[in-house]
Structures are given as structure tokens and as C-alpha cells.
Amino acid sequence: MVEAHLVDKKATFASFSHILDARILRALADAGFARPTLVQVKAIPLGLEGRDILARARTGSGKTAAYCIPVVQKILSSKSTLAAEDENRQVTRALILVPTRELSEQVSTYLKGLLTYCEKDVTITNVASGTTSHLQRTLLSDKPDIVIATPSRALNMLQSKVLTLSFLETLVIDEADLILSYGHDEDVREIFNGGHLPKVHQSFLMSATMTEDVELLKGLTLRNPAILKLEEGED
Ligand code: ADP
Ligand code: MG
């Protein structure tokens, strides 16, 4: 559970019912999330307005849900406009880049909980763990809505053309302050500069600290971002 002083005491998740699907709200209630944290209360509405976001908030402040909720909501909204048999329905719409396999598993677990009531509508694949050949088959056959990956795995899948991001709507870099130092520097640059991403997409950069690496990623990925800086004791 999150520390009390990081929670917004005025807001509730129910007060987001005009922007969030009932299936998301139900899953949040099941998880015991009643009030959003300070970073969530800002990132969720701004994210759903389509803004690029740079969020700096300390470890334990709820950054995972701050990006997972808008990512899932955007996918539900996009798909609700398409007929069930529409061939453009099943494409990868979100890529979540994380520095380590361990974090990819935490994010997958969180997302699976969030998707409890819409698991048929929003599919996820974690390509950070598992054998390459199995993942290649999964990506080709399922075209999951959300792909979670380390940069090296993402690039490997892009270069072998089993992962296509032509329809990408949202890109997230979690632990942006750490991702380059985990040996992913070249891979991250190649993902951005290798022509793999569509020109128009929304990006979230999530970080516990502002570092030179985060500034570099900001320049590489964000356009006119909303900058959310949440200090302890702020607000
Ligand atoms: P961060 O990525 O900022 O370090 P996490 O997303 O890992 O933080 O969240 C830290 C913990 O707080 C997790 O156990 C998560 O389930 C919990 N948590 C996040 N948001 C809420 C919320 N709104 N209400 C209750 N618990 C929450
Ligand atoms: Mg985190």
C-alpha cells in the first residue's frame, strides 16, 4: 500500500467516472485503490487529454498506475469505435519500456489486475522474459495491445519484424532515470531513430529523479510535455 501522505485526500477514483471505463474503476476498487496518489491525480486526466507527460515522483508514489490507467483507458476508447470484426482492431497500441526483467514482471502483474474485467478487450505480452522464438510466435499471432519490454528485447523484436509499431498510440518509459545506465543506451536510441515509431504518438516518461539521462530522453521523446514534479510534502 502507498504511504498516506502521497495520496490525494480530496480526490477519489469514483470522481474519475466520467473519464474512466467502469471496468477499470471496478478493478481499482478490488485492488483497494480508493483515492489516487498525487501523481495519479495529475497524470490520469492530462494523459487522457493526450498530453506528453514527464512525471518525477519518488519511489512508492504510484507511478505504475499513473501510466497504466490512461494506457488501458485509451485502448478501450480506441477499440470501442471499431466493429468486433474490424481487421484493424488487433494491433499493438502501447509499448512500455522498462530497464529490467524484474520490473517488467511487476508491471505485467499490475496490468493483469487492472484488466480483470476487460481481459478480452485488452491483451498484453511481456517480451522481457521467455525464449525469443516463443515470443516471436506470440507477437506475430496475437499482435497484443500492450507490449512490455526491455529496450534490447524490444529492438530485437522490431528488427526481426515480429513487432510492428505502426499503430502505436502510447509509449511509456518507466524508470527513465535508470534505463540508459542498464546498458540500454544504444538500443533506446535505435528504437527512436530507426524509423520504428509513428510520427504521432503520446509518450510518458516516469522517473524517481531528474538526471541528465532523463533530460536526454525528454529531448528524444517528448513534445510540449506536462511536467509533473511531486516532492514529498508538496501540495
Ligand atoms: P512507484 O512506481 O512510484 O515507485 P508503484 O507504482 O510501484 O510506485 O506503487 C507503490 C505501491 O503503492 C504499490 O504497492 C501500489 O500497489 C500502491 N498504490 C499505488 N497507487 C495506489 C493507490 N491509489 N491507492 C492505494 N495503493 C496504491
Ligand atoms: Mg515504478
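The values are calculated or read from the model by the stated rules, or taken from the named source; none is laboratory data. What you are looking at is a predicted structure, and each value in this text was computed from that prediction instead of being measured. Backbone-built Cβ (ideal geometry, glycine too); neighbour counts: all protein chains shown. Note: areas computed on protein heavy atoms with side chains; ligands, DNA, RNA excluded. Shrake-Rupley method; radii C 1.70, N 1.55, O 1.52, S 1.80 Å.
Hey, can you tell me all the residues within the range 156-191 that are assigned to a helix (DSSP H, G or I), closer than 13 Å to Leu217 by Cα and open to solvent by less than 50 Å² (accessible area, probe 1.4 Å)?
Once the filter is applied, which keeps residues that are assigned to a helix (DSSP H, G or I), closer than 13 Å to Leu217 by Cα and open to solvent by less than 50 Å² (accessible area, probe 1.4 Å), the range 156-191 yields Ala176, Asp177, Ile179, Leu180, His184, Asp187, Val188, Ile191.
For residues that are among the basic types (Lys, Arg) and open to solvent by 30 Å² or more (accessible area, probe 1.4 Å), tally how many sit in the range 56-103.
The total comes to 5.
Matching residues to (1) under 26 Å from Leu25 (Cα atoms); (2) more than 16 Å from ligand 1 (Cβ to nearest atom); (3) touching a residue at least 12 places away in the same chain (Cβ under 8 Å):
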{"site": "Arg93", "(1), (2), (3)": "yes, yes, yes"}
{"site": "Lys112", "(1), (2), (3)": "yes, no, yes"}
{"site": "Thr123", "(1), (2), (3)": "yes, yes, yes"}
{"site": "Thr138", "(1), (2), (3)": "no, yes, yes"}
{"site": "Val147", "(1), (2), (3)": "yes, yes, yes"}
{"site": "Asp185", "(1), (2), (3)": "no, yes, no"}
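How many residues are near ligand 1 (Cβ under 10 Å from one of its atoms) and either aromatic (Phe, Trp, Tyr) or in contact with a Pro (Cβ under 7 Å, 6 or more places away or on another chain) (or both) if we restrict to the range 45-67?
Here the count works out to 1.
Would you pick out the residues in the range 174-216 that are touching a helix residue (DSSP H, G or I) at 6+ places or on another chain (Cβ under 6 Å), under 29 Å from Glu3 (Cα atoms) and not small (Gly, Ala, Ser)?
Within the range 174-216, Asp177, Leu180, Phe204, Leu205, Met206, Thr209, Thr211, Asp213, Val214 qualify.
Yes or no: Arg23 in contact with a Phe, Trp or Tyr (Cβ under 7 Å, 6 or more places away or on another chain), away from ligand 2 (no atom under 16 Å from the Cβ) and not polar (S, T, N, Q)?
Answer is yes for this residue.
Could you tell me whether Met210 is within 16 Å of ligand 1 (Cβ to nearest atom), under 19 Å from Ala57 (Cα atoms) and in a loop (DSSP other than H, G, I, E, B)?
Yes, satisfied.
Considering only strands (runs of 3 or more DSSP E) fully contained in the range 87-155, which possess at least 1 residues that are closer than 19 Å to Val188 by Cα and among the polar types (S, T, N, Q)?
124-126
In the range 182-235, what count of residues is obtained for those that are within 16 Å of ligand 2 (Cβ to nearest atom) and hydroxyl-bearing (Ser, Thr, Tyr)?
Number of matching residues: 4.
Got a sec? Which of Val39, Val107 is open to solvent by less than 30 Å² (accessible area, probe 1.4 Å) and over 11 Å from the mean Cα position of the chain (by Cα)?
Val39
If I go through the range 1-31 residue by residue, how many of them are open to solvent by less than 20 Å² (accessible area, probe 1.4 Å), in a loop (DSSP other than H, G, I, E, B) and free of Cβ contacts under 8 Å to residues at least 40 places away in the same chain?
Qualifying residue count, the range 1-31: 1.
Consider Leu216 carefully, then state whether it is in a helix (DSSP H, G or I) and surrounded by 12 or more Cβ atoms within 10 Å (Cβ to Cβ).
yes
Restricting attention to the range 129-144, report how many residues are closer than 21 Å to Arg93 by Cβ and open to solvent by 90 Å² or more (accessible area, probe 1.4 Å).
Adding up the residues that qualify gives 3.
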